[in-house]
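Have a look at the structure that comes next, please.
The values are calculated or read from the model by the stated rules, or taken from the named source; none is laboratory data. Remember, it's a predicted structure, so these values are computed and weren't measured experimentally. Backbone-built Cβ (ideal geometry, glycine too); neighbour counts: all protein chains shown. When the accessible area is computed, the model is the full protein with side chains, heavy atoms only, and any ligands, DNA or RNA have been set aside. Shrake-Rupley method; radii C 1.70, N 1.55, O 1.52, S 1.80 Å.
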Amino acid sequence: MPWLIKSTPDNEIPLSSHLFFVHVPRCGGTSLMQHFSVPQKVIDSRGILGAAAMKYFFLRYRTLEKANFPIRTRENYVCCALLLASLLVHASGKDADAGLALWGVPMSIYVGGMAVFVSLFTTIICTAPVIGRIMPVHRWYLWFVHYPLFRLCEAIDWCTGTNKHGYIMHLTAPKLLGYGYVTTEQMDNMCSLAIVRNPYSRMVSIYGYNRFGSHESFPAFVKRWKKLMQPYLTKGEKEDWYTPCHLLPMFEFTHYNGKQLVQSVVKQEELKYLKTKEGAHTLQQKDTSVSDLPDIVRDALLGMPHTNKRATSQKWYDYYDQPTLDLAYEMYKTDFEIFGYL
């Protein structure tokens, strides 16, 4: 996730007043980007092509937050209209009469075929489950957005968008430093924030976002997820080429070699303490992850809407049996230890 507050050419502010959100996937906080108008700031700072590319990127990001294989999309509405028009033109024979053909094939056939291709491509291929779980497609995507698209979908200055390193807003703190997207001086002196959650609960959210439809059961998904995670579990591979960001444990986003890089790490379960009188009393009684937050972080969390939550019919613990509990613990054992979820 990007800079939420930073200096601009028109407004220079101290580094200590900058706010950066390290976005751990499926832990909440996507709405912070909207709350701080980051997409609009990125679009406004780009040229015509860059603005169009980033506008479409943010549109797809919002779409895929709502559905794994989205059908009611702008792309599909346009494609349906083009397909219908091409069928009508072809049935009337007007394109053939007008000589509108390529290699003997009427142009209406090409238009209709392209409409079908784009619809299937955006509804099935360019989706979180396919890009995130089918590695040849995942690697093609990383190559495609970086080279054929000429990096039009990246915004390094705001740390959002996508390129060959993956989704920039989901880069870990060590990667942000390693790629030079954030300097050591910035990391040490700015206000930085990350949200984490119970690893068991996060696993259920990962399942909801990455499953191949309702027919894929949670136990089957967890087994396949662990298999997909093998490059990380066996070799420590953290690069997106081998390990897509949703696979990584939460501590990889906030820590490096045992050192916490992100200033404020907040538990999703404790955000409620910021918004109620009972919560304020609780903060006075015990130590929580939201007890001593910098004012700039507290204000950001208080203003954060929760607009991308997917409705579920079960509590997270109802998804589990003992074998899936064991598998989830094996994959994310260090998260339980570091963030105190034991």
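Can you list residues whose amide H is under 5 Å from residue 163's amide H, if they're 5+ apart or on another chain and H is modeled 1.01 Å from N?
Amide H neighbours of residue 163: 168.
Another question, then. Round to the nearest 0.05 the FRET efficiency obtained for residue 144 and residue 291 when R0 = 45 Å and r is the Cβ-Cβ distance.
0.50
Can I ask one more? Could you run the Karplus curve 6.51 cos²θ - 1.76 cosθ + 1.60 with θ = phi - 60° over the range 181-196 and give me ³J(HN,Hα) per residue in whole Hz, x for Gly and Pro?
Here the 3J(HN,Hα) series is 6, 10, 8, 4, 4, 5, 4, 7, 10, 7, 8, 10, 9, 9, 10, 10 Hz.
Calculate for the chain the 222 nm mean residue ellipticity that helices alone would give, adding -39,500 (n - 2.57) per DSSP H run of length 4 or more and normalising by residue count, nearest 500 deg cm²/dmol.
Result for the chain, helices only: -13500 deg cm²/dmol.
What number comes out for accessible area per residue over the chain if the probe is 1.4 Å? Units Å², please.
Spelled out: the 1.4 Å probe surface of the chain, per residue, equals 51 Å².
³J(HN,Hα) across the range 113-125 via Karplus (A = 6.51, B = -1.76, C = 1.60, θ = phi - 60°), whole Hz, x for Gly/Pro?
x, 5, 4, 5, 4, 4, 4, 5, 5, 7, 8, 10, 6
If I model a spin label at residue 241 and residue 137 as a point 7 Å from the Cα along the Cα→Cβ vector, what separation in nanometres do I get?
2.2
Let me make sure I get this right: for the range 113-251, a, b and c are the square roots of the gyration tensor eigenvalues over alpha carbons, sorted descending. Under 1.5 in a/c it's rounded, otherwise prolate if a/b > b/c, else oblate. Which is it?
Because a/c hits 1.5 or more and a/b fails to exceed b/c, the range 113-251 counts as oblate.
Efficiency by 1/(1 + (r/R0)^6): what FRET value for residue 224 and residue 102, r their Cβ-Cβ distance, R0 = 41 Å, to the nearest 0.05?
With a Förster radius of 41 Å, E is 0.40.
Just the number, please: carbon plus sulfur as a percent of the accessible area of the chain, 1.4 Å probe, no ligands or DNA/RNA counted. Don't skip to the end; give the middle numbers.
Details: 10290 of 17470 Å².
Within the chain, the accessible surface is 59 percent carbon and sulfur.
Each residue of the range 18-34 in turn: what ³J(HN,Hα) in whole Hz from Karplus with 6.51, -1.76, 1.60 and θ = phi - 60°, glycine and Pro shown as x?
6, 10, 10, 10, 7, 8, 6, x, 6, 10, x, x, 4, 5, 4, 4, 5
Would you mind working out the magnitude of the charge dipole of the chain relative to its Cα centre, with +1 at each Lys and Arg C-beta and -1 at each Asp and Glu C-beta, to the nearest 20 Debye?
Approximately 720 debye in magnitude.
Show the residues, 5+ positions off or on another chain, whose built amide H is closer than 5 Å to the amide H of residue 256.
261
Let me ask something else. Pairs of alpha-carbon atoms within less than 8 angstrom and 6+ residues apart define the contacts here; what relative contact order does the range 78-157 have, in percent?
RCO, the range 78-157: 23 percent.
Given 5 Å bins starting at zero, what is the percent of C-alpha pairs of the range 22-122 in each, up to the one with the largest pair distance?
Going from the shortest bin to the longest, the percentages are 2, 11, 15, 14, 14, 13, 10, 9, 5, 4, 3, 0.
Now a separate question. Among residues other than residue 164 whose Cβ falls under 13 Å from its Cβ, what is the net charge (Lys/Arg +1, Asp/Glu -1)?
0
Mind ranking 182, 137 by accessible surface for me, highest first, 1.4 Å probe?
137, 182
Still on this structure, I have one more. Packing-wise, with mean Cβ within 10 Å as the measure, how do 200-212, 34-46 rank, highest first?
Going by the mean number of other Cβ atoms within 10 Å, highest first, we get 200-212, 34-46.
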